[in-house]
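The values are calculated or read from the model by the stated rules, or taken from the named source; none is laboratory data. Note that the structure is predicted; figures quoted are calculated from it, not measured. Positions of Cβ are generated from backbone atoms using ideal geometry, with glycine treated the same way; all protein chains shown enter the neighbour counts. Areas reflect the complete protein model, heavy atoms only, side chains present, ligands, DNA and RNA absent. Shrake-Rupley method; radii C 1.70, N 1.55, O 1.52, S 1.80 Å.
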Amino acid sequence: MITTFSPFPALHTDRLILRQLVASDEPEIFVLRSDPRMLEFLDIVPARTLEDVRPVMQRIAANIVDGTSVFWAIALKDSPTLIGTICLWNISVEKSTAEIGYMLHPDFQGRGYMQEALVTVLAYGFEVMQAQLIEGFCHPQHVASIRLLERNGFVRAGEVDGLAAFRRNRSVP
């Protein structure tokens, strides 16, 4: 399984650019990690200041370097401003697995952006990284996230630590 992300794998869809996170994304990351609408189904400590997101961004950068995750900023093609994030993380070379994670600012939800990003990242995970299994976990009441995973070939695999667990094998079209 390939876990070298240098140079960083920028990805493109019809409407989006999935690019590397940069320091100037701090304000948008702060919004994603502090807006109550974003945190409704997440078990994370809300960011209170920009300083709260800096260690998060540093950890993301370190995980990319060590090959345990690849994390994209989602931006519209006509604007560099981050509107969300998507990642493959908890990468296990031994098991050829990764976990998908994503967030999209509420102002951009319901327009198919995350669908575009997810299809592209899944293709990268299975075709480029050669993952055999990608897992997704979400709050069992997060209907939109559950629908997104199921629409993209993920199958419910029970619960783990109170979260709905989903799996998609490489062989799923």
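Percent of Cα pairs in the range 22-80 per distance bin of 10 Å, from zero to the largest separation: 21, 47, 31, 1. Using a probe of 1.4 Å, the accessible surface attributed to LYS95 totals some 150 Å² when neighbouring protein chains are kept in position.
Annotation for ILE2 and VAL22: the two label points, set 7 Å from Cα along the Cα-Cβ direction, are 2.4 nm apart.
Ordering ARG147, ARG19, ARG167 by accessible surface, largest first, gives ARG147, ARG167, ARG19; the 1.4 Å probe counts only protein heavy atoms, with every chain in place. Here MET1 sits with roughly 60 square angstrom of accessible surface, probe radius 1.4 Å. Spin-label model, THR68/VAL119: points 7 Å from Cα along the beta carbon direction are separated by 3.3 nm.
When only alpha carbons are used to place a centre, the range 120-152 and the range 67-85 end up 17 Å from one another. Taking every DSSP helix (H) stretch of at least 4 residues in the chain, weighting each as -39,500 (n - 2.57) and dividing the sum by the residue count yields a mean residue ellipticity at 222 nm of -8000 deg cm²/dmol. Accessible area ranking (1.4 Å probe, heavy atoms, ligands and nucleic acids excluded), largest first, for PHE166, PHE71, PHE137: PHE137, PHE71, PHE166.
Using r as the Cβ-Cβ distance of ARG147 and MET57, and R0 as 25 Å, what FRET efficiency do you calculate, to the nearest 0.05? Walk me through the numbers on the way to the answer.
On the way: r = 30 Å, r/R0 = 1.18.
Rounded to the nearest 0.05, the efficiency is 0.25.
For the pair ASP43 and ASP14, the difference between a 0.36 nm per residue extended length and the Cα-Cα distance amounts to 7.2 nm. Only Lys, Arg, Asp and Glu carry charge here, each on its Cβ (+1 for the first two, -1 for the last two); on that basis the range 79-173 has a dipole of about 240 debye about its Cα centre.
Kirkwood radius and radius of gyration were both taken over the C-alpha atoms of the chain, and their ratio Rg/Rh is 0.93. With the biggest extent put first, the Cα atoms of the range 55-129 measure 38, 29, 19 Å across the principal axes.
Express the carbon and sulfur contribution to the solvent-accessible surface of the chain as a percent, rounded to the nearest whole number, probe 1.4 angstrom. Looking at the chain in its full context, I get 54 percent from C and S.
Taking 25 °C and 0.890 mPa s as conditions, the range 128-173 diffuses translationally at an estimated 226 µm²/s according to Stokes-Einstein applied to its Kirkwood radius (Cα pairs). The dipole here belongs to the range 1-115: it is taken about the Cα centre, uses +1 on the Cβ of Lys and Arg and -1 on the Cβ of Asp and Glu, and is about 160 debye. Taking every protein chain into account, the accessible area of the range 1-110 amounts to 54 square angstrom per residue (probe 1.4 Å).
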